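As structure tokens, the structure follows; a few thoughts come after it.
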Amino acid sequence: MNGVLMADNKAVKGKLLVIDDEPEITDIIEAYMTNAGYEVMVENSSVMGIERAKSYKPDMILLDIMMPHMDGYEVCGEMRRHNATKDIPVLFLTGKDVADDAGKSWEAGANIFIKKPFSCERLLNMINMVMATLSK
């Protein structure tokens, strides 16, 4: 993880990239996770999300599954094929049936997934859990 300092000289817990085509969701996640001490970048396009992941180099990616142009499975698969993004943990955000998504999520290269709607507290706990394993 990066030892980045925020403007108020607090250490940032890590860098998150949120890729979801619904700005309402990305706005909520961005505000909550920023308040929790993370540096957050948002992308509302699946295609642009791949490019953003390469340039931003986040510690973790939160990725919606159901998006236009490329779904989350395709985005995750594409990121797994590039050296710059292949090892970044991916947390899928899904409104679909968990049983249907479980196998597909792992096959696409996701590390964990959470069903929508979700509480920001639960999402933060899952992010903290993954980030803790990265710092070991």
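The values are calculated or read from the model by the stated rules, or taken from the named source; none is laboratory data. For clarity, every value in this text was computed on a predicted model and none was experimentally measured. For neighbour counting, all protein chains shown are included, and Cβ atoms are generated from backbone atoms with ideal geometry for every residue, glycine included.
Go through Val42, Val90, Val75 for me and flag whichever is closer than 19 Å to Met126 by Cα and in contact with a Ser or Thr (Cβ under 7 Å, 6 or more places away or on another chain).
Selected residue: Val42, the only one of Val42, Val90, Val75 that is closer than 19 Å to Met126 by Cα and in contact with a Ser or Thr (Cβ under 7 Å, 6 or more places away or on another chain).
Answer yes if at least one residue in the stretch 107-118 is assigned to a helix (DSSP H, G or I) and either at pLDDT below 90 or under 16 Å from Ile25 (Cα atoms) (or both), and no otherwise.
yes
Condition (residue is modelled with pLDDT of 95 or more, of a type outside the set (Ser, Thr, Tyr), surrounded by fewer than 18 Cβ atoms within 10 Å (Cβ to Cβ) and not in a loop (DSSP other than H, G, I, E, B)) applied to the stretch 70-80: is it met by at least one residue?
Among the residues of the stretch 70-80, not one is modelled with pLDDT of 95 or more, of a type outside the set (Ser, Thr, Tyr), surrounded by fewer than 18 Cβ atoms within 10 Å (Cβ to Cβ) and not in a loop (DSSP other than H, G, I, E, B), which makes the answer no.
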